[in-house]
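The values are calculated or read from the model by the stated rules, or taken from the named source; none is laboratory data. This structure is a prediction, so every number in the text was calculated from the model and none was measured. Cβ placement follows ideal geometry from the backbone for every residue including glycine, while neighbour counts extend to all protein chains displayed. Keep in mind that these areas ignore ligands, DNA and RNA; they rest on the heavy atoms of the full protein, side chains included. Shrake-Rupley method; radii C 1.70, N 1.55, O 1.52, S 1.80 Å.
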Number of protein chains: 2
Amino acid sequence: MDHYYAKVDELEDRFINRLRKGIRIPSISAYASHRSDVFAMAEFIIQEMTALGIEGRLRPLGKEPNTDLDLPPLVIGRYGKDPKKPTILVYSHYDVQPAAIEDGWDRNPWDLTIEADGTLHGRGTSDDKGPLLAWLNAIEAFQEAGVEVPANLVFCFEGMEENGSTGFRQTLEEEARTSLADIDAVCITDTTWGGNSHPSITRGLRGVLFYILTVTGAKRDAHSGLFGGHLSEPMTDVATLMSSLVDSTGRILVPGIYEGVKEVSNSERAAIETLHLSAEDVDPGLGGRNLHDSIADTIIARSRLPSLSLHRIENAMPGAGAVTSIPAKVQGKFSIRTVADMSAEHVNRLVKDHIKSEFKSLKSVNSAELVCVHKSNWFFEDVDHWNYQAAKMATKAVWNKEPDITCEGGSIPIALDLKEVLGKNVLLLPMGKPSDGAHSINEKLDKPNYLNGIKLFGSYLNQVSLLYSRNDAIRPRGFKAAEI
Amino acid sequence: MDHYYAKVDELEDRFINRLRKGIRIPSISAYASHRSDVFAMAEFIIQEMTALGIEGRLRPLGKEPNTDLDLPPLVIGRYGKDPKKPTILVYSHYDVQPAAIEDGWDRNPWDLTIEADGTLHGRGTSDDKGPLLAWLNAIEAFQEAGVEVPANLVFCFEGMEENGSTGFRQTLEEEARTSLADIDAVCITDTTWGGNSHPSITRGLRGVLFYILTVTGAKRDAHSGLFGGHLSEPMTDVATLMSSLVDSTGRILVPGIYEGVKEVSNSERAAIETLHLSAEDVDPGLGGRNLHDSIADTIIARSRLPSLSLHRIENAMPGAGAVTSIPAKVQGKFSIRTVADMSAEHVNRLVKDHIKSEFKSLKSVNSAELVCVHKSNWFFEDVDHWNYQAAKMATKAVWNKEPDITCEGGSIPIALDLKEVLGKNVLLLPMGKPSDGAHSINEKLDKPNYLNGIKLFGSYLNQVSLLYSRNDAIRPRGFKAAEI
């Protein structure tokens, strides 16, 4: 691999230039006015793929629901069809979050700049154009170094990731029966390290159930002077019901909810205690208000245990009146983050039963409704699989550090979609750092992370090919998806 | 008085024309762009006064705080200085709520129209240009009928009532020592009947204490996936504290708060049971959700007992983020309506002690602050006073119905200001109906209420003069203000 690594360094300018071209296209999926730019970005990727001999195509996803807009296509690319090699599905996305100089960016977010400290500044450098184009760079470096690409690759690049991944799951299910039928493992490069100083690999994500609780009283908002004491007030019901869900120490009060939680074993705790995460990594500028004393307890609480957050309590009557009014309709919004081995269905039943019973005990004359508007499972992957072992070895080879294996508290529905639909091991392999500010102003990617990331992806493919041939007999193709 | 009544009917066109001129001036006090119109309205009133021989002047109130705007002046007018007659201070206001045809008005709100059913349609017809100009009409009718105006009148017309009455209290205190030193009683004509079918007089109003509870956690909103379980969440504290204040049956949970409430006597309840209020009057289109079964219990709960309403629970961090975030700073807004004989200071102490003790029991690591941002006392007037007796007799004379004597659940700070500063009996004498839609689109005043209102004001002055001379010996001038 030394030829490969040397070639990556040699081609630095070319790789930065490719990123510059990609950053220049403001492919914001959330704004209709930028939809043509998202399509332009897809075309740019196809052109780059074609120049490298990658067989690329655009897979249309139809119309965006309730609009006249075409959904951005999936960019599907295939490189290599050697039946002796493993086939890796690489997922990334080519759309970006909105950005404008008026939001407070130091420089034009659509013009890649290289800062004095060597960071690459621009919207999409870290999330996710940098990682996406790094895959193309990797193939180019293999080609230029005269080294055969060690694995077959299928690229699946999405253009709607920052806007709800509309249409992705259904199309994935269709493609899974045809163009993706021969996938051996999945590599997602849309995450970052757990901390800023040490490379890591993500093996777990929490699930999420998002609820809207609506309590309806009178037909319209009423004056609290004239009607206070007369009307039953939905805000009282909502505040009381919301406060029955969780206490101020963070403990979830829904009966039975902790029963499904997989115990944090002593060895797991020990592993968490050795993670390379500083206090600053764990609490990046939030200023404390921590429920836990130690870093390990904090990490366990936010990634290996469930949590329940109350997000909003809102007057839901259109044209809501003065602040002194009695709101006639109030919505409370809350979510529960779930972990292995909680069943989303069971959690949902517990929550609904709890709210029903609490509401009954209020003796309110209002009406209440609880809707679970979003439900996605947790993700907890088998790290003994060759896919993860390859990623560990590649990280060690490139960064000269044993990577941390972490669980993240957030939820990445795509990881679960890929897991559920393809039934293969899904790896989350990061390139950038949490400090890159993926969705913030002044998004950046450190140049060492970009270049080492290209090396990492190549090294990963190399390790995959070595481990895969060794494990092929033990782990037959097409093993069943874990129950999640 | 028959000559007077006949003259009112005879001058109907002139009085409607006067109202038309007043309505035409969009004297919206809340909009800086209309401040000159508020001044124009003050000038119009002065001109009308002068034409009727009323000695009028504009009393400047200085600048509106934190602006370059001049506050609208008080229009102070004096008619008659006969030492043998009682002197009545009449309060009304000449500014109005905003209005625009785009809000959904059937017709131009600044162009008085007479509907097919005889209602007078336009912004300010009921609140409060109709009642204000009715006083000038009354003087004109006395003059034209050749009947001496039975009482000395001092008019105090405000131009900032719909925008917080800025500057009013302080100026009132200054004037009380000079131009208002000889007042015998006060008549406020800025209310409506309790119901739509029967005339009434208001003798009580609730006080109000308005609170903002702020709980502060982290320095900024955080992602609930990444930080749920890690951070202490202010929304949880606020929901729990808010729900500790009142239950879903409307009972206030602050210990000791009911101790100061004056008992509703059997005779008071009996009087409430005979009020001419229909179910529709009590619940105008709110669609039920009533905490009480009977109309009497409803009226008692909303006007003779305290209530506590939770108005808002808001993310208070500027630029608050996504709905799935953990809000870093949350504000709860609530108010308590107080009644006789509750002490606002004592209630405030009970609420602060309660929140302090509840917050402590939460064991939260956040910080909490409770601020009482507004505090005004309840108002409960002596209805045996000649001022109220005169109003009762006048209403009977004009409407041929014994008026209901009611308490209102709302708070009118002006009533209390006048009571506290002048130390005289303060009467609330309505002209219009609740269905007039004072602050809504299509504000109206029924023509019979306008004309009978003019008659009512004249009749009231007549009754005042009769009762005053009879009571003069018993109730010396300058008796002390009730302790409120």
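About the Cα centre of the stretch A:44-104, what is the dipole size in debye to 20, counting +1 per Lys and Arg Cβ and -1 per Asp and Glu Cβ, all else neutral? Let's see the in-between values first.
Working: 7 positive and 9 negative charges, 139 e Å.
The dipole of the stretch A:44-104 has a size of about 660 debye.
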Within 10 Å of the Cβ of an average residue in B:365-372, the count of other chain Cβ atoms is 1
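Kindly sort A:221, A:353 by accessible area of their heavy atoms, largest first, with the probe set to 1.4 Å. All intermediate terms of the calculation are to be shown ahead of the outcome.
Working: A:221 30, A:353 90 Å².
From most exposed to least exposed: A:353, A:221.
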May I ask you to order A:256-269, A:441-454, B:168-181 by the average number of other C-beta atoms within 10 Å around their residues, highest value first? A:441-454, B:168-181, A:256-269
Averaged across A:248-259, how many Cβ atoms of other chains sit within 10 Å of each residue's Cβ atom? 3
When each copy gets a label point 7 Å from Cα toward the beta-carbon at residue B:369, what are the spacings between them in nm, shortest first? 3.9
Enter the Cα centre distance for the pair the stretch B:85-163 and the stretch A:187-214, rounded to the nearest angstrom. 65 Å
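Going by average Cβ density within 10 Å per residue, which order do the peptides A:123-130, A:45-52, B:156-163 take, highest to lowest?
Values: A:123-130: 29.6, A:45-52: 17.2, B:156-163: 24.2.
In descending order of packing, they fall as A:123-130, B:156-163, A:45-52.
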Label distances, nm, residue A:258 versus same residue in remaining copies, Cβ-directed 7 Å point: 3.7
Links exceeding 30 Å between C-alpha atoms in this model, out of A:401/B:363; A:84/A:419; A:7/A:419; A:360/B:219, come to A:401/B:363; A:7/A:419; A:360/B:219
If labels are modelled 7 Å from Cα along the Cβ direction, residue B:346 lies from its partners in the other copies at nm distances, smallest first, of 5.5
Between the alpha-carbon centers of the stretch B:294-343 and the stretch B:263-287, tell me the distance in whole angstrom. 24 Å
Listed by chain and number, the residues whose amide H is under 5 Å from that of residue B:27, excluding neighbours fewer than 5 places away on the same chain and using placed H, are B:96
How about the stretch A:282-351: which trypsin sites (Lys or Arg not before Pro) there are in a DSSP loop, with at most 15 other Cβ atoms within 10 Å of their Cβ? none
Accessible area (Å², 1.4 Å probe, nearest 10) - residue A:399: 50 Å²
Can you find, among A:264, A:254, A:286, the residue sitting farthest towards the positive end of the charge dipole of the stretch A:236-302, where Lys and Arg contribute +1 and Asp and Glu -1 at Cβ? A:254
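Of all DSSP beta bridges in the protein assembly as shown, what percent run antiparallel (nearest 5)?
Numbers: 101 of 145 bridges.
Looking only at bridges with both residues in the protein assembly as shown, the antiparallel portion is about 70 percent.
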For peptide B:216-222, compute the average count of partner chain beta-carbon atoms within 10 Å of each residue's beta-carbon. 4
From DSSP H assignment alone, runs of 4+ in chain A each adding -39500 (n - 2.57), the sum over residues rounded to the nearest 500 puts [θ] at 222 nm at -10500 deg cm²/dmol
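Between their Cα atoms, which of A:333/A:433; B:392/B:433; A:81/A:447 are more than 23 Å away from each other? Don't jump to the answer; show the numbers that get you there.
On the way: A:333/A:433 31 Å; B:392/B:433 17 Å; A:81/A:447 32 Å.
Long pairs (Cα-Cα over 23 Å): A:333/A:433; A:81/A:447.
Using only the Cα atoms of chain B, build the gyration tensor, take square roots of its eigenvalues as a ≥ b ≥ c, and label the shape rounded, prolate or oblate: rounded if a/c is under 1.5, else prolate if a/b is larger than b/c, else oblate. Mind showing how you got there, number by number?
Working: a/c = 1.92, a/b = 1.64, b/c = 1.18.
Since a/c reaches 1.5 and a/b is larger than b/c, the shape of chain B is classed as prolate.
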In chain B the DSSP beta bridges are antiparallel at a rate, in percent to nearest 5, of 70 percent
Row for the stretch A:256-318, column shape: gyration tensor on C-alpha, a ≥ b ≥ c, rounded if a/c < 1.5 i.e. under 1.5, prolate if a/b over b/c, else oblate; value oblate
Solvent-accessible area of residue B:223, probe 1.4 Å, all protein chains present, reported in Å² to the nearest ten, please. 80 Å²
Please work out whether the stretch B:6-150 counts as rounded, prolate or oblate from its C-alpha gyration tensor, where a ≥ b ≥ c are the square roots of the eigenvalues and a/c under 1.5 means rounded, while otherwise a/b larger than b/c means prolate and anything else oblate? oblate
